[in-house]
Structures are given as structure tokens and as C-alpha cells.
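Reading through the C-alpha cells given below for one structure.
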Amino acid sequence: MQDTIKNKPAPPQTKRNKNSYRSGGIWSVKSTGKLFFAIGFSLLFYIALALLILAAVLDDHSITVSDLWKILLMPLLIAPLFYIVWLAVVPGMIFRKKIPLQVEIKPYQAGVTLIFPRKKQIRLGVDRIAFCFHRKSLHNVLIFYKIVPSRSGRLVFQKITTLIGLPVGSGWKKETLSEIANFLHQNGYQYHKEKDKNLFLRFME
């Protein structure tokens, strides 16, 4: 069975700071940030509809302040069913995502512990855990995988969780994910390269 883990290419280098290298690493947040992202995506969708309506109106004639207030209400009036479906589907998908409140990484490839809400935990040794990191201008993405040998002898990388860090808001922060990725890389944890996706698709997967 070919279940020996080979070294993968080094992940993209992240920004170094004084908290990146420690004898042990524990990072935690008070909130998973699901509510923040659900509200944020709903507001962005509403603003996008309002801007489309505003652009269509401006093509015909100029608008007054009173007209502007009417335009802001139009997304709720002309497309109520479409907006209700959005509110029913997108936030629900976000709330179903498994996001840990704490990440504990032992040095020297000793293992990783992910602690989720309601005290649910996943503990994996170095031969069972892998990660991927994407550094973007406005957000960072850190993905954890469980390594499982298949019947054919190949290694299968099963996605455990995807952490998305923004500069602002509740939940995981952009720089914190950089620290975790640095610590994983410096302590020799397996890196699994995955194709990057846009922010919206990350929440929908």
C-alpha cells in the first residue's frame, strides 16, 4: 500500500511576525463569524440589486433624492421571491459549515487538534493531517485535510474545514491564518496544493 506521505512543494510564503514561531501553537476565536458572513453576503446582494436598478434608471433620466429612496426599496418590491430564496439558501449554507473555534498545533509534527462549537474535537497526527493556504489581498484562506489511504493504495485528502480570514469582522482574522500557516510550514506539516477559488465559492462549497 502506497501510504507513505511524500514531501510536497512548500506553500506560499506568508508574512512573518513575532507570533509565528513558538514552542507550541494555540489560536482561538470567540465566534466562528458565520453570522457576520451571512449578513455581509445578504447586504452585498441587496446593494448589487439596488445598483443595477439605479444604473437602469439613470439611463433614462436624472433622479432626485426622493427617487433614490424609492430605488433603495425596489429590490424588495420587484424581486421579493428572488431575494427571499437568497436569504433562505445562502445564509443556511454558511451556517452549516464546520468552522473551529480553536486550532492547536503541536510542534515537531506531533499533531493538530481542531476544536469546534459544542466542544467537538478532531485530533490528527502528522501522518493524517494536511493543509493548504491561499493568501489574497483582502482575505486569506486556510484549509485542513484528513489524509485517508484508499483501497487502491493512494492517499485521499478529505477536506475537514475551510477557514476564511478577513481584516475586519468577527471570526478568524486574515493575519491569524498567516501565523497558523507559517507555524504548520515551519514544523514540517504536509502541504496539499489545491486550486484557488473566489470568496463566494469558498462559502458555497
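Tally Lys and Arg at +1 and Asp and Glu at -1 over the other residues with C-beta under 10 Å from the C-beta of S170: what net charge comes out? Each step should come with its number before you reach the end.
Numbers: positive: K30, K34, K173; negative: none.
It works out to a net charge of +3.
Order of 43-51, 143-151 by packing, highest average Cβ count within 10 Å first? Walk me through the numbers on the way to the answer.
Details: 43-51: 13.7, 143-151: 16.1.
Packing proxy ranking, top to bottom: 143-151, 43-51.
So how much accessible area does S31 have, in Å² to the nearest 10, using a 1.4 Å probe?
Here the accessible area works out near 50 Å².
What FRET efficiency would be calculated for the residue pair M74, K97, taking the C-beta separation as r and a Förster radius of 35 Å, to the nearest 0.05? Walk me through the numbers on the way to the answer.
Values: r = 32 Å, r/R0 = 0.90.
Taking R0 as 35 Å, the efficiency between M74 and K97 is 0.65.
With only alpha-carbon atoms in the gyration tensor, what are the semi-axes of the equivalent ellipsoid for segment 163-203, in Å, largest first? If you can, show how the numbers build up before the last one.
Numbers: eigenvalues 83, 50, 7 Å².
Rounded to whole Å, the semi-axes are 20, 16, 6.
Residues with amide H under 5 Å of F116's amide H, sequence separation 5 or more or different chain, H placed in the peptide plane at 1.01 Å from N; which?
L101, Q121, I122
Once fully extended, how much extra length lies between F36 and K195, figured as 0.36 nm per residue of separation less the alpha-carbon to alpha-carbon distance? Could the numbers behind the result be given before it?
Numbers: separation 159, 0.36 × 159 = 57.24 nm, distance 2.58 nm.
Extra length from F36 to K195 when fully extended: 54.7 nm.
The values are calculated or read from the model by the stated rules, or taken from the named source; none is laboratory data. Not measured: the values here are computed from a predicted model. All Cβ positions, glycine included, derive from the backbone under ideal geometry; neighbour counts span all protein chains shown. Surface accessibility is based on the protein's heavy atoms, side chains included, excluding ligands, DNA and RNA. Shrake-Rupley method; radii C 1.70, N 1.55, O 1.52, S 1.80 Å.
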